[in-house]
Amino acid sequence: MFLNSYLNANSENQALIDGIYEKVVLISRNKSFYTKLSVPDTIDGRFDLLVLFSVIVIFFLNQSGSNGKLLSQMLFDKIFLDLDLSLREVGAGDAGVNIKIKKMVQSYMGRQKVYCESLENKDFQSLKKSIANNVYRNLENYLNYPDILSNYCKKVYITDDNPRDENPKKIRNEIIKKISKAERFNISNRAKA
């Protein structure tokens, strides 16, 4: 087993990452992406959306200081722990899992690099091109779906999520400073978000 920041974290941080990861998975498995935007409903298609949406979360976590960087690494580690477990559940052996996980990490890191560069530079044309090259790589006719998916990725919803002893408004304001007004929705009521 490799050094894993998620496994070595305290239970409070693990619970936080579990919640973030669950939300990323729920978004990436939203049927609308597969039925309305023609993302291939395959293992590769699901992986591509998981990567896209988790990279966006990791990008913004990295923008929010040293704790955010720690949480982003924990989220990355949690993703690959879950993928490892999923491969084992479908019957892959140790050697097969290690090879597949290594390829998945390489794919993830390549996509992360181009997606983060696009987000950092607010270059959504580049993001659209990267989405077309990755998510829609096996389709010949994908209409304007990469554009729609790229526009979806521009939006950030900021809300409270079990802040414990922290001031939720202060946390939201720290995040908001780094995101333009046109790209964000600040909803303090978690149920409404």
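Numbers at a glance
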quantity	calculated
Virtual paramagnetic centre 7 Å along Cα→Cβ of I148, amide N under 20 Å, in the range 4-37	26-37
Gained length - D18 relative to S38, 0.36 nm times residue gap less alpha-carbon distance	4.4 nm
Two-site label geometry, N4 and Q106: point separation in nm, points 7 Å out along Cα→Cβ	2.2 nm
Efficiency of FRET between K31 and N67 - r from beta-carbon atoms, R0 35 angstrom, step 0.05	0.55
Å² per residue, accessible surface of the range 1-116 at 1.4 Å	54 Å²
Two-site FRET efficiency, D123 against F80, from Cβ-Cβ distance with R₀ of 25 Å, rounded to 0.05	0.35
Overall form of the range 1-146 per C-alpha gyration tensor (a/c, 1.5; a/b vs b/c)	oblate
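The values are calculated or read from the model by the stated rules, or taken from the named source; none is laboratory data. Here the structure is a predicted model, which is why all the values come from computation and not from measurement. When we count neighbours, we look across all protein chains shown, and the Cβ atoms used for this are built from the backbone with ideal geometry, even at glycine. In case anyone asks, the SASA skips ligands and DNA or RNA and just uses the protein heavy atoms, side chains included. Shrake-Rupley method; radii C 1.70, N 1.55, O 1.52, S 1.80 Å.
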